[in-house]
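The values are calculated or read from the model by the stated rules, or taken from the named source; none is laboratory data. These numbers were taken from a predicted model, which means no experiment stands behind them. Note that each Cβ is placed from the backbone with ideal geometry, even for glycine, and that neighbours are counted across all protein chains shown.
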Amino acid sequence: MTERLAPKDIAHAAALLRAGKLVAFGTETVYGLGADACNAQAVASIYAAKGRPSFNPLICHFADADSAFRYVTPNELAAKLAAKFWPGPLTLVLPRAQNCPVSQLAGAGLPTLAVRVPAHDTALALLREFRGPVAAPSANRSGRISPTSAQHVLTELDGRIAAVLDSGPCAVGLESTVLDLSGPVPVLLRPGGVSLEALEALIGPIQQAASESLAPASPGMLVSHYAPALPVRLNATGVAPDEALLAFGPPLPGAAHIFQLSEAQNLQQAAANLFEGLHVLDAQGTKLELTRIAVMPVPSHGLGLAINDRLTRAAAPRV
Ligand code: TXA
Ligand code: MG
């Protein structure tokens, strides 16, 4: 039902997008669920396939900064950031350009648009072949763990989308950093693949958005998000026999079911393994009737900020 495509099938994947179909594709961060951003019906089917609340705006993906900046009104900071971090895991929120053809639904009716250029050969080839903006949220059901492999995508969305372009596992493994440049000061809406420190080194102080609001500016900020089926317990310094362990460094004694994020406590490696680890322990734990996933502490510097953001959401009370 859902076609599994290889990088050699780019032309076919682009044709499906042109026909208004949904195509999931790998990026350096996570797999995205792509649709023609200018086709409101195609965009509507993203929300339907994901079961996503309609107030959640989508990121538009482009092959290069010049293309992206035709759809928004860039400013000096945006140009500087794009020059340094694109292609790469950074999303910029900017005012929509006048007569921007991206469907209002893709931007959830906001006057701004989130744009990014992924650092991934297959994704860039697809974007070049398609030639227009591709709206793509992470290719998971709303509120669930983001997919970092084509198999993760199929597990959640098989039969609901036309195709998945399999380009192997995602190198970064965490979503892009979302930075709002549409106001008087830059605001971090979502920590992600480019660290706050790296951004501030280039443009100076960045304000951090409040962690939650009723009508979220960035609904990646909804409290319960990235949720596995099993409950998650953070900052574990001990582990019970009926718990699975998400380890960071030498595993806690007594753990029977372990997924190692990074034995050497390397944050980049841990980021790349995070969602895979949650997927694996969730499936294993559910099968073995474990009660919980216990997570060892991860420091909050560099990519650790984004890792802890996702873990906190995975552990948040479910609505
Ligand atoms: O790495 C990524 O960013 C992946 C890959 C596929 O590119 N995409 C992704 O999309 O994570 P999604 O839809 O799961 O998350 C997009 C985030 C959400 O938190 C959304 O609220 C925010 O970006 N966002 C999108 N447009 C926005 C806008 N105009 N203003 C504020 N936030 C926006
Ligand atoms: Mg997502």
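Taking the stated definitions as given, is Thr91 in contact with a Ser or Thr (Cβ under 7 Å, 6 or more places away or on another chain), polar (S, T, N, Q) and in the same structural domain as Gln104 (by TED's automatic domain parsing)? For Thr91, the condition - in contact with a Ser or Thr (Cβ under 7 Å, 6 or more places away or on another chain), polar (S, T, N, Q) and in the same structural domain as Gln104 (by TED's automatic domain parsing) - is met. Search region 174-211 for residues being within 16 Å of ligand 2 (Cβ to nearest atom) and not polar (S, T, N, Q), and hand back the single one that is nearest to Arg116 (Cα to Cα). Among residues in region 174-211 that are within 16 Å of ligand 2 (Cβ to nearest atom) and not polar (S, T, N, Q), the one nearest to Arg116 (Cα to Cα) is Val178.
The rows are residues; the columns are (1) under 19 Å from Cys170 (Cα atoms); (2) out of contact with any Phe, Trp or Tyr (no Cβ under 8 Å at 6 or more places or on another chain); (3) of a type in the set (Val, Ile, Thr).
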| residue | (1), (2), (3) |
| --- | --- |
| Ala227 | no, yes, no |
| Pro231 | no, yes, no |
| Thr237 | no, yes, yes |
| Leu245 | no, no, no |
| Ala271 | yes, yes, no |
| Lys287 | no, yes, no |
| Arg292 | no, yes, no |
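Of the residues Gly132, Gly143, the single one that is assigned by TED's automatic domain parsing to the domain that holds Gly34, more than 16 Å from ligand 2 (Cβ to nearest atom) and not hydrophobic (A, V, I, L, M, F, W, C) is Gly132. Only a single item in (1) under 19 Å from the mean Cα position of the chain (by Cα); (2) away from ligand 2 (no atom under 13 Å from the Cβ) is not met by Ser103, and it is number (1). Any residue at all in region 278-293 that is closer than 13 Å to Ile307 by Cβ and modelled with pLDDT under 95? Yes, region 278-293 contains at least one residue that is closer than 13 Å to Ile307 by Cβ and modelled with pLDDT under 95.
A count restricted to region 69-106 and to residues that are in a loop (DSSP other than H, G, I, E, B) and either touching a Gly at 6+ places or on another chain (Cβ under 6 Å) or more than 23 Å from Leu174 (Cβ to Cβ) (or both) stands at 15.
Which of the residues belonging to region 56-89 are more than 20 Å from the chain's Cα centre (by Cα) and either under 11 Å from Pro118 (Cα atoms) or of a type in the set (A, V, I, L, M, F, W, C) (or both)? Explain how you work it out, then say what you get.
Just the residues of region 56-89 that are more than 20 Å from the chain's Cα centre (by Cα), to begin with: 66-67, 69-80, 83-84.
Phe69, Val72, Leu77, Ala78, Ala79, Ala83 - these are the residues of region 56-89 that are more than 20 Å from the chain's Cα centre (by Cα) and either under 11 Å from Pro118 (Cα atoms) or of a type in the set (A, V, I, L, M, F, W, C) (or both).
When each of Val30, Val43 is tested for being assigned to a loop (DSSP other than H, G, I, E, B), in contact (Cβ under 8 Å) with a residue 40 or more places away in the chain, under 17 Å from Ala139 (Cβ atoms) and aliphatic (A, V, I, L, M), the lone residue that passes is Val30.
Could you name every one of the strands (runs of 3 or more DSSP E) located completely within region 113-218 that has at least 1 residues being more than 9 Å from ligand 1 (Cβ to nearest atom) and over 14 Å from the mean Cα position of the chain (by Cα)?
Working: elements: 163-165, 177-180, 187-190.
Strands (runs of 3 or more DSSP E) meeting the threshold: 163-165, 187-190.
Let me confirm something: among Leu154, Leu165, which residue is buried (at least 22 other Cβ atoms within 10 Å of the Cβ) and more than 16 Å from ligand 2 (Cβ to nearest atom)?
Answer to the check: Leu165.
Just wondering, is there one or more residues in region 150-167 that are closer than 21 Å to Pro74 by Cβ and touching a His at 6+ places or on another chain (Cβ under 8 Å)? Reasoning before the result, please.
Step one: of region 150-167, the residues closer than 21 Å to Pro74 by Cβ are none.
For region 150-167, residues closer than 21 Å to Pro74 by Cβ and touching a His at 6+ places or on another chain (Cβ under 8 Å): absent.
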